[in-house]
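Right, one structure below, let's go through it.
The values are calculated or read from the model by the stated rules, or taken from the named source; none is laboratory data. A quick note: this is a predicted structure, and the numbers were derived from the prediction, not measured. All Cβ positions, even for glycine, are placed from backbone atoms using ideal geometry, and neighbour counts span all protein chains on display. The accessibility values were calculated without ligands, DNA or RNA, using every heavy atom of the protein model including side chains. Shrake-Rupley method; radii C 1.70, N 1.55, O 1.52, S 1.80 Å.
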Amino acid sequence: MKEVKRFITSSPFNVNTYVFEMDGELCVIDPGEDISRFIKDPVVVLVTHGHCDHISGIPELKVKKLYISAEDVPMLTDPVANLSRDLMDHPVKIELPWEDIDKHFRTLKAPGHTLGSRFIVFDGVVFTGDTVFVDTIGRTDLGGSKEKMKETLIKVKEFFEKIPKEWIVFPGHGEPATVKDVLRRNIFLRGNLL
Ligand SMILES: [Zn+2]
């Protein structure tokens, strides 16, 4: 993985949109609103989960391919499911062809924040969406499941303990940190608080 750029999009939600190059393609993870201020070229879009703040920038982009989990696909076109009806001043509907992210990328299934939340894993970096932040975890009352989040946190802890500790965790909101720091700082990964 070369350089990962982080843009803050979807004001006032302040989503981390990540941009990097891979195999000659420009890849964007979780394009929030106003991402087109930074990106003009055609892109491959990967989505950690289907909440509106993480997908609302997709219509601004020239999308070559769109990858999302099958479980979160309904959120692309359903403003109630993707929360845009309640949280934004316009409905978000993405009517583009999509491909199953699990079939094309290394992912970790991480249901809880949404039912189809994924970690997206590359050599040296892990994009965790809104499942795990550096110090805390994502809400489970926005179309997710507390029970599934409990199982996911056990899985995430095992995963983080297995991979190199200098790898970087890039969350959907807030600052990135090393795996080592997340394991140290995230109280939800140290004990089962849910
Ligand atoms: Zn979310």
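Observations on the model:
- Residues in region 74-85 that are touching a Pro at 6+ places or on another chain (Cβ under 7 Å) and either basic (Lys, Arg) or open to solvent by 20 Å² or more (accessible area, probe 1.4 Å) (or both) were compared, and the one that is farthest from Val47 (Cα to Cα) is Arg85.
- Checking each residue in region 139-168 for being within 14 Å of the ligand (Cβ to nearest atom) and touching a helix residue (DSSP H, G or I) at 6+ places or on another chain (Cβ under 8 Å) picks out Thr140, Gly143.
- All positions within region 41-55 that are within 25 Å of Arg85 (Cβ to Cβ) and open to solvent by less than 10 Å² (accessible area, probe 1.4 Å): Val45, Leu46, Val47, Thr48, His49, Gly50, His51, Cys52, His54, Ile55
- Any strands (runs of 3 or more DSSP E) falling wholly within region 86-194 and containing at least 2 residues that are open to solvent by 80 Å² or more (accessible area, probe 1.4 Å) and at pLDDT 95 or above: 106-109
- Listed by position, the strands (runs of 3 or more DSSP E) inside region 1-83 whose residues that are closer than 21 Å to Thr107 by Cα and in contact with a Lys or Arg (Cβ under 6 Å, 6 or more places away or on another chain) number at least 2 are 15-22.
- The residues on offer are Glu71, Glu33, and the sole one that is open to solvent by 80 Å² or more (accessible area, probe 1.4 Å) and at pLDDT 95 or above is Glu71.
- In region 114-138, residue farthest from the ligand (Cβ to nearest atom) [restricted to those that are in contact with a Gly (Cβ under 7 Å, 6 or more places away or on another chain) and of a type in the set (A, V, I, L, M)]: Val134
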